[in-house]
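Just so it is clear, none of the values below were taken in a lab; they were calculated from the coordinates. What you see is a predicted model; the values in this text were computed from it and never measured. Note that each Cβ is placed from the backbone with ideal geometry, even for glycine, and that neighbours are counted across all protein chains shown.
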Amino acid sequence: MKKFRKVLDGLTTSSPGGTIGSPSCGSAAGTPTAAPTPKEIDVQETLVSENFQLCKTVRHGFPYQPTALAFDPVQKILAVGSRSGGVRILGRPGVDCYCQHESGAAVLQLQFLINEGALVTACADDTLHLWNLRQRRPAVLHSLKFNRERITFCHLPFQSKWLYVGTERGNTHIVNIESFILSGYVIMWNKAIELNNDKLFGTIVQWDLRAKRADFRIYYDEAIHSVSWHHEGKQFMCSHSDGSLTLWNLRNTTKPFQVTFPHGKIQKDGRKESCKPILKVEYKTSRNSEPFVVFSGGLSYDKAGRRPTLTIMHGKAITVLEMDYPIVEFMVLCDTPYNNEVQEPYAVVVLLEKDLIVVDLTQSNFPVFENPYPMDVHESPVTCTAYFAECPPDIIPILYSIGAKHKKTGYSQKEWPVSGGTWTLARNTDRNILKMLYKLKTSKVFEKPKPGEGRAAELVEEDPFAIQMVSWCPQSRIFCVVGISAHIILYRFSKYDANTQIVSLEVRLQCEQEDVISPSENENNPCFSEPSSHSPQPHHQHPASPSSGTPEGLKDSIPCLKVKDRVVRVPPGYQAELVIQLLWVDGEPPQQITSLDINSAYGLLAFGNCNGLAIVDYLQKTILLCMSTLDLYGAADPYQRLTRSPRRNRQSTSGKFCMRGLSNFYSDSKKRIRTSYQSLTELSDNQQSIDMERSKSPTSDHVNGHCTSPTSQPCSAGKPRVPMGPEGPRLTRRGPGRPPFRKAQSAACMEISLPVSHTEESRENSFSRSRSSSVSSIDRDTKEAITTLQFGESYGRKSDALPTPCLWVGTSLGMVLLIPMSIPTDQEERMEEPVTIGPSGAVLMLKGSVLRFGFLDCMGALIQSPYEVWRDLNAPEDPDRPRRRKLVHFSPSSSQDACGDGHLAVVCSERQAKVFLMPSQSCLFVHNITESSFVLRADVVSVCNSVCLACFCANGHVMTLRDLLTDNLCCLIFWF
């Protein structure tokens, strides 16, 4: 059910010219106040609500919790049902359709009306549905509900108009497939069996439909799980609960003429060992060879934890195929749809809990077909996704061609047997179809850890190589991966294989001192070393901390994983060039990386966490900057803060907890927490608020803008923080140890719910807690995390006349910092001369954690970040083509003649969006996005030759904000 809402309101503006833009403190979400738009900003409104339409394009991934399988041997299409009531219909690659039962009841069974474009579904709510597949989107034509009996099995013979429906009571009902109503003919259970017979373990009855009586009855001591007929109709095979197969002849139904235990060995006492049940068997004949017997289960009980198996018996040969997941259903594909003809089986479709495989029966080694559908999403749990639009046109075919070379061997050489349906899309739209192009394994960069070696196992419960974040530059084809073990891998793309040695850099992005150091004591003991002394050489391993005499300390100053330190042969594709790892310090693990950005034109990489920020020159393989978040402010810090010993509230590094489990603790302590947070009701931009904040009582402990009562949380006494000038001292600040790294939690799990009264509701809502899985809200009283980073051509200082390379930094407290850089332009100088970086002291403020930056020229056009054009460093030398860097810049001064100097910066946080005019840093417009929820993801994107801000909120709403630079705002909200 989709709902749409459009809001047209005035757009908040603040008085231009201020140093720091100020949000309207009392405005509600979506209702900003209006003010005159600056005359030099002249943007034409182009976006309207009709430009935004919600439509389903494609589904990626294997159906969740599959339950049923069906195949049309004439049309050669496949159907898969799921426990949530979904049906996925598959044909040749590109033919992929999904439909959903409105009831959401599980699909028990599927039956194609072969070659008629229709499908019958039997659901767990005892309802039969007839689907029409001959239209663009399948729809239900008829439904039939069973009220007194539960449906267990259905059968529809080829070219028959009668559907046989078996029920839990043992009765068989017959449904007319054309009218989809019950006929009056019912085979009652008490007529089919003899009531005076006590042998009801396994019963088979052949019923004469015309005479309305049983032709014969078969009773067997073992329960029967399935029956399969020989095509001549004179024999049939049964599978049983004891792992046996029995073959029966209609001439003598008193006992089977053949009993086999395919996996039952003869024990020393002469008896067969017990086996698991054979759940299903199919008996198929062939003209030129022995019959095929395919069944699931039947293994012996001698080994525990065996994988699920599919067994293929062909003559005397028995082949056992092990599966990665439990078998849900399987089906043998044959050349003919007629059951009374020689079957000629050619493949077996096996539906697993998390995969779909097809086995080739025409080859003696029974290889599997390569699956062309996008179903490999469950190969490992998905921990990170990123979407890139408008990529260079040549990147898709090159990735696909390289990825094709990495395919596994041993697949069947024949074409995929599910080849039905038509696909009429033009060739130029191929890239819009989701399919796996290329796969990269980051674990190959590291040595396989030996038992007791390394510290990754202490941090991660499951995979130490799990990916948390990716950053990709499609133009330069540089790819960065952030791992859960506090590491970053930088890859370069090459069409040639190479012998390479991976460079490793180690970063100490963590404070080390134990106690609070007063300003007078801290002149020679900064929290972070200077960049010159903080740039470890490539391949250099930091020694153990000499101040730690404990065995635990011997493991300090090491990373979580060990990079391969030898020359390795790498295939074409993405090749690892640089690995950056954070180190253990003083027995504490490195904190997870919360933000990352790369820029190929600058040759720089920046990342941050709850301790601070680091900038790496990946061309020279050096660390340029490594500073705490607090030190980045310098004298521009708008809050009065005191450092305190982190040991007092330190969490055990071996403890395990869940944020949801802390909700009770916070509920019991809500009075203390409200007292702690009440001073930071919201991050106001105006100077009066800052002055009032600085005039707070010095007896309170201000940490990152939080006022903590001394009675509720004791801490060491200290002096107010002295702003750092050119000669000023710096204070040491260290956050507490954090628990072991865990897999990324959902926003719902990370959110801490605090019940509040009506009088305190506005106070609680105004304080923004980070919902990031990497930045826990319990750490917000001592940590200010770096939440977003972006390189670009901008103005780092108000006095700048021209844009220069800058790094925009957003934090979890809603602060925005600008860091200008000086980068040599000549290629030779760039590889030899250092890059100069220095925080400018510029600070902008928003409500909530900063999520995204976007840059516009004064005409409202989106300014892209500069990039380097891709060049293959491993390509053979070509004298006619110099191997030099080719940079592409998008100067924000392109429209200066029409609009004057400067450009616009759009900043979005969890709560609001602001537009700043650079270089004056004045806030032109502000919009409070939400007060009842918070934004999870946001981006500034181009739509229909215009620009809008797209936001995804925690309540499931997707909001698009258009015309950010005019006095009107269109907010389109849609949800499911």
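My understanding is that a pair violates if its Cα-Cα distance is over 27 Å; which of Lys414/Lys439; Lys265/Lys316; Lys405/Lys564; Lys284/Lys439; Lys439/Lys914 do that in this structure? Correct reply: Lys284/Lys439; Lys439/Lys914. When the alpha carbon gyration tensor of the stretch 226-375 is reduced to an equivalent ellipsoid, its three semi-axes come out at 24, 23, 13 angstrom, largest first.
Other residues with beta-carbon under 13 Å from the beta-carbon of Leu807 carry, at +1 per Lys or Arg and -1 per Asp or Glu, a net charge of -3.
Put simply, when 595-607, 851-863, 158-170, 393-405 are sorted by average Cβ atoms within 10 angstrom per residue, most first, you get 595-607, 851-863, 158-170, 393-405.
Length available on full extension from Asp826 to Tyr411: 0.36 nm per residue minus the Cα-Cα distance, which gives 144.3 nm. If R0 is taken as 60 Å, the Cβ-Cβ distance between Glu322 and Ser799 corresponds to a FRET efficiency of 0.30. Sparsely packed loop sites in the stretch 298-398 (the trypsin sites (Lys or Arg not before Pro) outside DSSP H, G, I, E and B with at most 16 other Cβ atoms within 10 Å) comprise Lys303, Arg306, Lys316.
Note on Met859 and Arg271: the model spin-label points, each 7 Å out from Cα along the C-beta direction, lie 9.0 nm apart.
For the listed peptides 120-131, 831-842, a ranking on the average number of other beta carbons within 10 Å per residue, highest first, reads 120-131, 831-842.
Charge tally around Val418: other residues with Cβ under 14 Å, Lys/Arg +1 each, Asp/Glu -1 each, net -1. Computed over the stretch 226-375, relative contact order equals 16 percent, with contacts defined as Cα pairs under 8 Å that lie 6+ residues apart.
Of the residues Asn339, Tyr325, Ala304, the one whose Cα sits farthest toward the positive end of the charge dipole of the stretch 270-345, with +1 on the Cβ of Lys and Arg and -1 on the Cβ of Asp and Glu, is Ala304. Consider a paramagnetic label point 7 Å from the Cα of Tyr301 along Cα→Cβ; state which residues of the stretch 208-250 have an amide N under 19 Å from it. Under cut-off, by backbone N: 221-225, 240-245. Each Lys or Arg adds one and each Asp or Glu subtracts one; over the other residues with Cβ under 12 Å from the Cβ of Glu273, this totals +3.
For the stretch 60-187, the equivalent ellipsoid built from the Cα gyration tensor has semi-axes of 24, 17, 12 Å, listed from largest to smallest. With R₀ fixed at 30 Å, the C-beta to C-beta distance from Lys145 to Asp215 puts the FRET efficiency at about 0.40.
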